[in-house]
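Below is one structure; the comments refer to it alone.
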Amino acid sequence: MSQWTILCDFDGTISVEDITDSLLERFGQPGWQEIEQAWKRGEIGSHDCMAQQVALLDASREELDAHLDSMSIDRAFVHFAAAAREHGVPLAIVSDGLDYAIRRILGHYGLADLPIIANRLQASGERGWQLDFPYGSPGCRSGNCKCSCAARVRGEHPRVLLIGDGASDFCVAGEVDLVFAKHRLIEHCRSAGIPYVPITSFADALDLLPTLVAGELAAHGQEAASAPPLQQVA
């Protein structure tokens with residue numbers, strides 16, 4: 001088994017779009033946008049934001065499933081997951097999104113067996129929904145405390161790779177050994193001096209995986225153009 005384990009965000013990282021936002025735009029009752037703005041202003045954390053927004057969803061399970069079935073993922077992720085398995089690198093989905101949505105979407109690509117650590121979506125009546133937060137942590141404003149998750153997996157694997165794209169990954173990026181960063185997470189890692197490698201898709205991550213496992217991957221720190229190789233990777 002590799003010394004590495006991989007924690008991978010879902011919304012905007014594996015999925016083409018944010019699944020929760022898509023569900024709210026399609027099925028959300030009035031008021032969810034105001035909650036979103038309160039979160040963006042920092043007045044509430046994602047735990048409270050998600051709990052309040054999901055309570056405003058008005059959809060039957062059949063409607064929810066039909067919408068989820070229309071969602072797309074980065075097709076190269078299927079090959080990346082297979083390659084991680086071949087290299088003996090454990091891979092888990094760690095998301096501040098909805099476990100039910102993630103599981104259904106990944107199931108269409110033959111990836112239903114991947115571990116999913118996310119907020120638990122539960123039906124509340126015929127058309128209502130609510131969230132449970134089995135991976136929350138005291139003092140953390142997120143629904144899913146990714147930092148606690150990273151700390152737990154270190155008990156089995158000494159090195160942790162994060163693959164992510166946005167604000168829900170900012171905190172945990174500083175708690176892992178290396179980040180494959182997309183979108184906003186690139187700038188965060190650069191400004192915070194966090195070791196990272198920029199990627200645009202899982203095609204890039206797939207190309208990098210053998211080098212990661214071999215311990216030869218160069219990482220970026222404060223300045224991408226002059227970053228030294230990451231030492232003691234493997």
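The values are calculated or read from the model by the stated rules, or taken from the named source; none is laboratory data. These figures come from a predicted structure and were not determined experimentally. Don't worry about glycine lacking a Cβ; one is built from the backbone with ideal geometry, like all the others, and counts go over all protein chains shown.
For residue 24, indicate whether it is buried (at least 16 other Cβ atoms within 10 Å of the Cβ), among the hydrophobic types (A, V, I, L, M, F, W, C) and more than 30 Å from residue 159 (Cα to Cα). So residue 24 fits the description; yes. Among residues belonging to the stretch 196-228 that are at pLDDT below 80 and not in a loop (DSSP other than H, G, I, E, B), point out the one that is nearest to the chain's Cα centre (by Cα). Filtering the stretch 196-228 for residues that are at pLDDT below 80 and not in a loop (DSSP other than H, G, I, E, B), the one nearest to the chain's Cα centre (by Cα) comes out as 220.
The residue that is farthest from residue 52 (Cα to Cα), counting only those in the stretch 132-175 that are in contact (Cβ under 8 Å) with a residue 24 or more places away in the chain and assigned to a strand (DSSP E or B), is 159. Exactly one residue out of 154, 184 is under 21 Å from residue 10 (Cβ atoms) and surrounded by fewer than 21 Cβ atoms within 10 Å (Cβ to Cβ): that is 184.
Does residue 72 satisfy being surrounded by fewer than 18 Cβ atoms within 10 Å (Cβ to Cβ) and of a type in the set (Gly, Ala, Ser)?
Yes; evaluated as a whole, the condition is true for this residue.
Taken over the stretch 191-201, the criterion of being in contact (Cβ under 8 Å) with a residue 24 or more places away in the chain and β-branched (Val, Ile, Thr) is satisfied by 194, 199. Determine if the stretch 53-76 includes at least one residue that is part of a helix (DSSP H, G or I), of a type in the set (Gly, Ala, Ser), closer than 30 Å to residue 208 by Cα and without any contact (Cβ under 8 Å) to a residue 60 or more places away in the chain. For the stretch 53-76, residues part of a helix (DSSP H, G or I), of a type in the set (Gly, Ala, Ser), closer than 30 Å to residue 208 by Cα and without any contact (Cβ under 8 Å) to a residue 60 or more places away in the chain: absent. For the stretch 88-109, the set of residues classified as part of a loop (DSSP other than H, G, I, E, B) and surrounded by fewer than 16 Cβ atoms within 10 Å (Cβ to Cβ) consists of 88, 108, 109, listed by residue number. Once the stretch 1-43 is narrowed to residues that are touching a residue at least 60 places away in the same chain (Cβ under 8 Å) and assigned to a strand (DSSP E or B), the residue that is nearest to the chain's Cα centre (by Cα) is 8.
Cβ-Cβ under 7 Å, sequence separation 6+ or interchain: first residue in the stretch 202-215 and within 16 Å of residue 91 (Cα to Cα), partner surrounded by fewer than 20 Cβ atoms within 10 Å (Cβ to Cβ) and among the charged types (D, E, K, R). Which pairs? Listed pairs, sorted by first residue: 202/74.
Assess whether residue 165 counts as being of a type in the set (Asp, Glu), in contact with a Ser or Thr (Cβ under 7 Å, 6 or more places away or on another chain), under 21 Å from residue 15 (Cβ atoms) and at pLDDT 95 or above. Write out each step before concluding.
Values: of a type in the set (Asp, Glu): yes; in contact with a Ser or Thr (Cβ under 7 Å, 6 or more places away or on another chain): yes; under 21 Å from residue 15 (Cβ atoms): yes; at pLDDT 95 or above: yes.
So residue 165 fits the description; yes.
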